[in-house]
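Undergrad: My questions all concern the structure below.
The values are calculated or read from the model by the stated rules, or taken from the named source; none is laboratory data. Predicted, not measured: the structure shown is a model, and the values here were computed from it. Note that we place each Cβ from the backbone using ideal geometry, even for glycine, and neighbour counts take in every protein chain shown. The area values use the complete protein model at the heavy-atom level, side chains included, leaving out ligands, DNA and RNA. Shrake-Rupley method; radii C 1.70, N 1.55, O 1.52, S 1.80 Å.
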Amino acid sequence: MITLEGHLDRITYYNDDNHYTIARLKPANTGNQVTIVGFMAGVSPGQTLKVSGSWETHRKYGQQFKIDSFEITLPATVDGIEEYLKSGVIKGIGPLMASRLVGYFGAKTLDVIEKEPEKLTEVSGIGKGKSSLIRNAWQEHHAVRTLMNFLQDHGVKASYSARIYMEYGTDAIHIIQNDPYRLTEDIPGAKFKIADTIAKKMDIPKDDPRRIRACVSYVLHQNTEDGHVFSYENEVVRSCNSLIGIGPDNIRMALHDLSEERKIVIEEASPDDESSPVYLQSLHAAEKGIANRIRALMSVPVDLPDLDSDAISREVLKKLAIQLSSEQLEVLEKVLSYRAVIITGGPGTGKTTLIRSINALFTAIGKQIAMAAPTGRAARRLSEVTKREAKTIHRLLGYNFKGNQFEKNEDNPLDADAVVIDEASMVDTFVMWHLLKAVPVTSVLILVGDIFQLPSVGPGSVLEDMIKSESIPAFYLTKIFRQAQESPIIVNAHKVRQGEFPDFQKFDETSELSEFYFLEQGTPEAAVNTIVRLCSERIPESFGLDPMKDIQVLTPMHKGDVGTINLNQVLQKALNATPVLMEHMGNAYRSGDKVMHLRNNYQKEVFNGDIGTILSVDKEDRQIAVDYYGRAVNYEFEEMNEISLAYAITVHKSQGSEYPAVVVPIMTQHYVLLQRNLLYTALTRGKRLVVLVGTRKALGIALNNDNPGKRLTKLAGRIKDCI
């Protein structure tokens, strides 16, 4: 084991989620910097580090020092302490505050912060609130590092320390020592192997019931992550046996115990099942709950006015100046006849027109309507086309993140005569259950979506199962309207949906430009170069589109040359030459950068998939400002994991959104993710222009792969049995 000690000059990469760091260290008594890599929590430029590890040679970056363990040597001199605090390592202390503190407390500054933080109020500009903030930040700074050392001592990679600390706080070590297998239940995405490694170090027996039960829970949760609502018992037993080498009898006993504790539900196998279905209790309640709420809704007679097609046509023409097709008129008549209906169809078949018409009709008959969509961008688009307020489903239901519950439910239902949900194919089992609980049985529920797009990120295939049940009136829009028939994007999207090769010929030979192109590039490197030229030169020059606001690159995956990580870096370099304002998780952020918000944040009123532009970075207050649709939103540096560069995003993240132009790399390197529904979803995101860049072989693979994996659910049968 080699040990180096020196001055940390700069951090070139830092991942907030796992603390993986790439940095430059200047060892003592030498003038040469060395590259150090490894998991390090709470390090900042200006600190003195003692790192232990070994040298390795990276094929691309050359010699690096790989860290196994590290220590931070706190500075002892006044100048060293001031430099240390100026680095921003402690939240609430910027360069000016660091100078004040050191000017007042001198060499005792760090001791005061750690042991007598109440004295901080003696310094000008520090009140009780600021003092408390600094004290807590100091404690957190050291607690994470202590936890990291504990995990390393117990054979676990330090990369998990951030997530564990976020869940357990300063009690993390005590909680883990008491029962390491709690990690598999409490930490989202935590692998069973982490808890098991710690347990082995603690000499917990291999056949400990806690170990077997934790393994069962882990397998069930993993299957849920894959979109399944339940798992087959035999498969759970096989998976657990493979993971921990325990006999089937012990595993079945663990299943029985978890069932007795009502943490899981084991149903009796039907003739179609390979063995007994096993549910997590919450998913079993949700699936049954959906079926029961549908039954309750459908059992109440409809009391809406009986409007014939002529009356409907006149009303829509008067309100919207739209002449409806016979297919649309038929759907609208039926909508007024049922408590729950489903409207599905591909692009250009008039789903949006029907939503607008439904709004007009319910308004005309004096009924209150509520509209929502699964994502913020989808809700915003719904508002734009209907000229009425639309919310995310979570916001409609009053989701409380702190309490992890919805305010709206069967005891406090929505105040609406009709509830319209757009992009309903994106709604998973849990969200649909909570939605249905909040829809009054005297209301009308209208679900609108395209079942050929990617399924929900969460478990289940709810909209598809509802249609399969044949118990809810479902209307398939098949007619492509004349204007849509002239769109190469829409025509080719329907071809892709049917597994046919798109037509890459120009639809109008008199026009110089088409809406749909395929640029064949044989290698990922060539594809990247082509994408950069398209976004920076060819599309802006030919179509007059803004490369930042109007062009969106959609790719199947994060890694690789044509994944989001690399594409964001090369596109940022080509499109934004402003100086770097800050670095975070390996990304250099600049003023004017295109960024995406990654999860719903109702306090900030910013939602998953919202795309904005960086306005400024305030290093003193450790804040970054982002412009979303003309509204500035501030993020603490610690909240930077809520955003990422968005020059390129995954197809999954684009669901529910539309962009003037989309560029889609499609290479054989994406083999695992080359699926017809993924390609179809990507194409239907473009409004004016779609450009595919890649190989015909990859395109053919995607078109032929129409079996992305059947999700295990019983919702269709439950609904059918209920009604």
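Undergrad: Assess whether residue 711 counts as being buried (at least 17 other Cβ atoms within 10 Å of the Cβ), among the basic types (Lys, Arg) and assigned to a helix (DSSP H, G or I).
TA: Numbers: buried (at least 17 other Cβ atoms within 10 Å of the Cβ): yes; among the basic types (Lys, Arg): yes; assigned to a helix (DSSP H, G or I): no.
For residue 711, the condition - buried (at least 17 other Cβ atoms within 10 Å of the Cβ), among the basic types (Lys, Arg) and assigned to a helix (DSSP H, G or I) - is not met.
Undergrad: Still on this structure: (1) small (Gly, Ala, Ser); (2) open to solvent by 10 Å² or more (accessible area, probe 1.4 Å); (3) at pLDDT below 90: which one isn't true of residue 717, the others all being true?
TA: Evaluating residue 717 over (1) small (Gly, Ala, Ser); (2) open to solvent by 10 Å² or more (accessible area, probe 1.4 Å); (3) at pLDDT below 90 leaves (3) as the failure.
Undergrad: May I ask you to list pairs of residues, at least six apart or on different chains, whose Cβ atoms are under 8 Å apart, with the first in the range 622-641 being of a type in the set (Asp, Glu) and the second being open to solvent by less than 50 Å² (accessible area, probe 1.4 Å) and at pLDDT 85 or above?
TA: Close Cβ pairs (under 8 Å, with a partner that is open to solvent by less than 50 Å² (accessible area, probe 1.4 Å) and at pLDDT 85 or above) amount to 627/612; 627/614; 627/633.
Undergrad: OK, next. Among the residues of the range 518-562 satisfying the criterion of being under 17 Å from residue 686 (Cβ atoms) and of a type in the set (Lys, Arg), which is most open to solvent (accessible area, probe 1.4 Å)?
TA: 549
Rundown of residues vs (1) touching a Gly at 6+ places or on another chain (Cβ under 7 Å); (2) more than 23 Å from residue 73 (Cα to Cα); (3) exposed (fewer than 15 other Cβ atoms within 10 Å of the Cβ), yes/no style:
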| residue | (1), (2), (3) |
| --- | --- |
| 103 | no, no, yes |
| 107 | no, no, yes |
| 113 | no, no, no |
| 126 | no, yes, no |
| 129 | no, yes, yes |
| 134 | yes, no, no |
| 169 | no, yes, yes |
| 187 | no, yes, no |
| 198 | no, yes, no |
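Undergrad: Mind listing whichever residues of the range 532-578 are more than 18 Å from residue 592 (Cβ to Cβ) and part of a loop (DSSP other than H, G, I, E, B)?
TA: Selection gives 544, 556, 557, 558, 559, 560, 561, 562, 563.
Undergrad: Of 309, 282, which residue is closer than 22 Å to residue 409 by Cα and open to solvent by 30 Å² or more (accessible area, probe 1.4 Å)?
TA: Numbers: 309 fails: closer than 22 Å to residue 409 by Cα.
Result of the check over 309, 282: 282.
Undergrad: Separate question: What is the one condition in (1) open to solvent by less than 30 Å² (accessible area, probe 1.4 Å); (2) among the hydrophobic types (A, V, I, L, M, F, W, C); (3) touching a residue at least 24 places away in the same chain (Cβ under 8 Å) that residue 296 does not satisfy?
TA: (1)
Undergrad: Tell me, which helices (runs of 4 or more DSSP H) lie completely within the range 369-448 with 2 or more residues that are within 14 Å of residue 355 (Cα to Cα)? Break it down into steps so the answer makes sense when it comes.
TA: On the way: elements: 376-386, 393-396, 429-438.
Result: 376-386.
Undergrad: Given the conditions (1) modelled with pLDDT of 90 or more; (2) open to solvent by less than 10 Å² (accessible area, probe 1.4 Å), and given that residue 431 satisfies all but one, which numbered condition is not satisfied?
TA: (2)
Undergrad: Determine if the range 603-615 includes at least one residue that is outside any strand (DSSP E or B), open to solvent by 40 Å² or more (accessible area, probe 1.4 Å) and acidic (Asp, Glu).
TA: Yes: the range 603-615 contains one or more residues that are outside any strand (DSSP E or B), open to solvent by 40 Å² or more (accessible area, probe 1.4 Å) and acidic (Asp, Glu).
Undergrad: Moving to a separate point now. Just to be sure I understand, how many residues within the range 234-284 are more than 15 Å from residue 214 (Cβ to Cβ), small (Gly, Ala, Ser), touching a helix residue (DSSP H, G or I) at 6+ places or on another chain (Cβ under 8 Å) and not in a loop (DSSP other than H, G, I, E, B)?
TA: Matching residues across the range 234-284 total 1.
Undergrad: Now for a separate question. Could you tell me whether any residue of the range 90-106 is outside any helix (DSSP H, G or I), over 30 Å from residue 153 (Cβ atoms) and more than 41 Å from the chain's Cα centre (by Cα)?
TA: So in the range 90-106, the residues outside any helix (DSSP H, G or I) come out as 90-94.
Remaining after also requiring over 30 Å from residue 153 (Cβ atoms): 92-94.
From what's left, more than 41 Å from the chain's Cα centre (by Cα): none.
No - not one qualifying residue is present in the range 90-106.
Undergrad: Among the residues of the range 671-700, what is the count of those that are surrounded by 19 or more Cβ atoms within 10 Å (Cβ to Cβ) and in a helix (DSSP H, G or I)? Break it down into steps so the answer makes sense when it comes.
TA: First pass over the range 671-700, keeping only residues surrounded by 19 or more Cβ atoms within 10 Å (Cβ to Cβ): 674-686, 689-695, 698-699.
Checking which are in a helix (DSSP H, G or I) leaves us with 676-683, 698-699.
Residues in the range 671-700 being surrounded by 19 or more Cβ atoms within 10 Å (Cβ to Cβ) and in a helix (DSSP H, G or I): 10 in total.
Undergrad: Moving to a separate point now. If the Cβ limit is 7 Å and pairs must be 6+ apart or interchain, which residue in the range 172-201 that is among the hydroxyl-bearing types (Ser, Thr, Tyr) and in a loop (DSSP other than H, G, I, E, B) pairs with which residue that is modelled with pLDDT of 85 or more and open to solvent by 30 Å² or more (accessible area, probe 1.4 Å)?
TA: 181/210
Undergrad: What pairs come out if I take residues in the range 452-464 that are more than 10 Å from residue 715 (Cα to Cα) and pair them with residues that are among the basic types (Lys, Arg) whose C-beta lies under 9 Å away, six or more apart or interchain?
TA: 452/497; 452/676; 455/711; 459/711
Undergrad: When residue 357 is evaluated against the numbered criteria (1) surrounded by 20 or more Cβ atoms within 10 Å (Cβ to Cβ); (2) within 22 Å of residue 453 (Cα to Cα), which criterion, by number, is the only one it fails?
TA: Result: residue 357 fails condition (2) only.
Undergrad: I need a count of the residues in the range 434-458 that are of a type outside the set (A, V, I, L, M) and open to solvent by less than 10 Å² (accessible area, probe 1.4 Å). Even if it seems obvious, please write down each step before you answer.
TA: Looking only at the range 434-458, we keep the residues that are of a type outside the set (A, V, I, L, M), and these are 434, 437, 440, 442-443, 449-450, 452-453, 455-456, 458.
With open to solvent by less than 10 Å² (accessible area, probe 1.4 Å) added as a condition, the list becomes 443, 449-450, 456.
The number of residues fulfilling the criteria is 4.
Undergrad: With respect to residue 592, determine if the residue is out of contact with any strand residue (DSSP E or B) (no Cβ under 9 Å at 6 or more places or on another chain) and over 29 Å from residue 401 (Cα atoms).
TA: Working: out of contact with any strand residue (DSSP E or B) (no Cβ under 9 Å at 6 or more places or on another chain): no; over 29 Å from residue 401 (Cα atoms): yes.
Judged against the criteria, residue 592 is not a match.
Undergrad: List pairs: first residue in the range 690-704 and on the phi > 0 side of the Ramachandran plot, second residue among the small types (Gly, Ala, Ser) and open to solvent by 10 Å² or more (accessible area, probe 1.4 Å) anywhere in the structure, Cβ distance under 8 angstrom, at least six positions apart or on different chains.
TA: As it stands, the answer is none, since no pair meets every condition given.
Undergrad: Answer yes if at least one residue in the range 617-629 is in a helix (DSSP H, G or I) and touching a helix residue (DSSP H, G or I) at 6+ places or on another chain (Cβ under 6 Å), and no otherwise.
TA: Pass one, the range 617-629, residues in a helix (DSSP H, G or I): none.
Looking for residues that are in a helix (DSSP H, G or I) and touching a helix residue (DSSP H, G or I) at 6+ places or on another chain (Cβ under 6 Å), one finds none in the range 617-629, hence no.
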